[in-house]
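Trainee: Before anything else, here's the structure in question.
The values are calculated or read from the model by the stated rules, or taken from the named source; none is laboratory data. In this text, all values refer to a predicted model and were calculated from it rather than measured experimentally. In this analysis, Cβ positions are derived from the backbone assuming ideal geometry, glycine residues included, and neighbour counts consider all displayed protein chains.
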Amino acid sequence: MDPTESAKAYGGPSHRKVVANPHPRWVARPPPLRHELLSSWLHRLAMANGLKDHTFCSYMFGRQGVWNRDLDRSFSVVNQARLGLWTGVSESHIQSLMLPRWAGRLSEFVNANGNSDWILPMGVFHRVRRRHGLLFCPVCLTEGAGDAYWPWRMAWSTACVRHRVLLQDRCPRCESPYMPHRSTPSLFGRSPCASCGFDLSKSLPEGARTDDWMFQERLQSALLRGRTAIMGTPHFSLNLFLGLRALATALLSAAGAELVSRLTGQPLPASPSPGSKRDIENQSICTRRQVMRAMWPLLEDWPNQFRMHLRLGRARRSWFTWDRGPLPFWLQVEVDRLTLNYPPGPPVRTRRQLKE
Ligand SMILES: [Zn+2]
Ligand SMILES: [Zn+2]
């Protein structure tokens, strides 16, 4: 049977009058995977039922365009209920696949449409994604074509914790963002690029450094548990991520970039959009990776390493001035110890040596 006819037989728009009770359900209903995003699950459901994502959703949600928005952040309660009826998955389970579940843990709230702290922007334009806001692990894609998981939307994510390889944010051939909802597996590849067809699962994986995946594993664990002991003492994850974001913003300043360079041994790549704010979510994956690598030694043996490195980097309190309200206490007490300003010239220690 034609897939379209098959879908209509299970309650498509033209058969709504006929089918009243019980509510129709899709024949194939693969359950959501652990850590999976809502968009990824919808994509898998559509593939399992032999339909394109847009057609599949039109049977459940009518003519509303669910794919022309960042549906992992914005998916109405009505649509959640409808999806639950069609799949037999509870609404609470569906909500747990969306990024707003992290409100209160990752940031105070998650914007449905605007920018949100630590969440990579997608640059939605109709059904196309203009920005590289969804990462992917090529090894994960060999196991599950077109899958996507919530850590792949986080600005602090740079490595796959499972496979210990670096995450990628674009097609190696044409540099298009990863848009699984616009492509389906074919003879040419299991996870083809939506623009050029290159099989993203064949993109060469690059091994991650130990600090890449270890730091990320701790952050993932902090987010899942809602608390952490990353600095020796217990903290709520919200305070941790708020402080880390302030630290990342400080490291992305011109002065902070020198400290990043000293801590990582490499200069910070130039920001692709120098006019934009120093928000970590707006930086390239290379810049974000380097900032996270610089952050890791600063947090070790807290606060001793932080004090030493920031003193050597001649950090000022003004590095941590931002528009997000007060800093969390664990960071504020250390920022209060920083000098308001340094006198011009070389560091004091160097001048003493010169006198002798
Ligand atoms: Zn992986
Ligand atoms: Zn491509």
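Trainee: Output the number of the condition that L135 fails; it satisfies all remaining conditions of (1) among the hydrophobic types (A, V, I, L, M, F, W, C); (2) within 12 Å of ligand 1 (Cβ to nearest atom); (3) out of contact with any helix residue (DSSP H, G or I) (no Cβ under 6 Å at 6 or more places or on another chain).
Mentor: Failing condition for L135: (3).
Trainee: If you take just the helices (runs of 4 or more DSSP H) that sit entirely in region 16-88, which of them hold at least 2 residues that are in contact (Cβ under 8 Å) with a residue 24 or more places away in the chain, surrounded by 14 or more Cβ atoms within 10 Å (Cβ to Cβ) and polar (S, T, N, Q)?
Mentor: So the answer is 38-48, 53-61.
Trainee: Filter region 204-220 for residues that are within 20 Å of the chain's Cα centre (by Cα) and either of a type in the set (D, E) or within 16 Å of ligand 2 (Cβ to nearest atom) (or both) and give the result.
Mentor: E206, D211, D212, E217
Trainee: Still on this structure, please answer the following. Every residue in region 155-178 that is within 11 Å of ligand 2 (Cβ to nearest atom) and out of contact with any Ser or Thr (no Cβ under 8 Å at 6 or more places or on another chain), please.
Mentor: Result: R173, E175, P177, Y178.
Trainee: Now for a separate question. Condition first: surrounded by fewer than 19 Cβ atoms within 10 Å (Cβ to Cβ) and either part of a loop (DSSP other than H, G, I, E, B) or within 8 Å of ligand 1 (Cβ to nearest atom) (or both). Can you find one or more residues in region 144-158 that meet it?
Mentor: Yes, because at least one residue in region 144-158 is surrounded by fewer than 19 Cβ atoms within 10 Å (Cβ to Cβ) and either part of a loop (DSSP other than H, G, I, E, B) or within 8 Å of ligand 1 (Cβ to nearest atom) (or both).
Trainee: May I pose another question? Suppose we keep only residues that are more than 12 Å from ligand 2 (Cβ to nearest atom) and under 20 Å from S40 (Cβ atoms) within region 179-203. Which one would you say is nearest to the chain's Cα centre (by Cα)?
Mentor: Here the residue is P180.
Trainee: Filter region 223-265 for residues that are small (G, A, S) and touching a residue at least 24 places away in the same chain (Cβ under 8 Å) and give the result.
Mentor: Once the filter is applied, which keeps residues that are small (G, A, S) and touching a residue at least 24 places away in the same chain (Cβ under 8 Å), region 223-265 yields G226, G232, S237, G243, A246, A248, A250, S253, A255, G256.
Trainee: Could you pull out the residue among L187, L238 that is of a type outside the set (D, E) and at pLDDT 90 or above?
Mentor: The unique qualifying residue is L238.
Trainee: May I pose another question? Out of G265, G325, report the one residue that is surrounded by fewer than 12 Cβ atoms within 10 Å (Cβ to Cβ), at pLDDT 75 or above and under 23 Å from W213 (Cα atoms).
Mentor: Testing whether each residue is surrounded by fewer than 12 Cβ atoms within 10 Å (Cβ to Cβ), at pLDDT 75 or above and under 23 Å from W213 (Cα atoms) leaves just G265.
Trainee: Right, something else. What pairs come up if the first residue lies in region 163-190 and is under 14 Å from R130 (Cα atoms), the second is near ligand 2 (Cβ under 10 Å from one of its atoms) and part of a loop (DSSP other than H, G, I, E, B), and their beta carbons are under 6 Å apart, counting only those six or more places apart or on different chains?
Mentor: Sorted first by the residue in region 163-190, then by its partner, the pairs are C171/C193; C171/F198; C174/S195; C174/C196; S176/C193; S176/S195; M179/A194; R182/A194.
Trainee: Which residue is nearest to ligand 1 (Cβ to nearest atom), if the candidates are limited to region 175-221 and must be aromatic (F, W, Y) and part of a helix (DSSP H, G or I)?
Mentor: Filtering first and then ranking leaves W213.
Trainee: Can you find even one residue in region 227-245 that is away from ligand 1 (no atom under 16 Å from the Cβ), more than 30 Å from Q305 (Cβ to Cβ) and either part of a helix (DSSP H, G or I) or polar (S, T, N, Q) (or both)?
Mentor: Looking through region 227-245, none of the residues is away from ligand 1 (no atom under 16 Å from the Cβ), more than 30 Å from Q305 (Cβ to Cβ) and either part of a helix (DSSP H, G or I) or polar (S, T, N, Q) (or both).
Trainee: Please go through (1) within 18 Å of R245 (Cα to Cα); (2) touching a strand residue (DSSP E or B) at 6+ places or on another chain (Cβ under 7 Å) for C140 and return the number of the only condition it doesn't satisfy.
Mentor: (1)
Trainee: Across region 240-260, what is the number of residues that are among the aliphatic types (A, V, I, L, M) and touching a strand residue (DSSP E or B) at 6+ places or on another chain (Cβ under 8 Å)?
Mentor: Residues in region 240-260 being among the aliphatic types (A, V, I, L, M) and touching a strand residue (DSSP E or B) at 6+ places or on another chain (Cβ under 8 Å): 3 in total.
Trainee: Sticking with this structure for a sec: Name the residues in region 107-147 that are among the polar types (S, T, N, Q) and closer than 21 Å to G197 by Cα, would you?
Mentor: Across region 107-147, the qualifying residue is only T142.
Trainee: Residue by residue through region 328-343, note down the ones that are buried (at least 16 other Cβ atoms within 10 Å of the Cβ) and not in a helix (DSSP H, G or I).
Mentor: P328, L338
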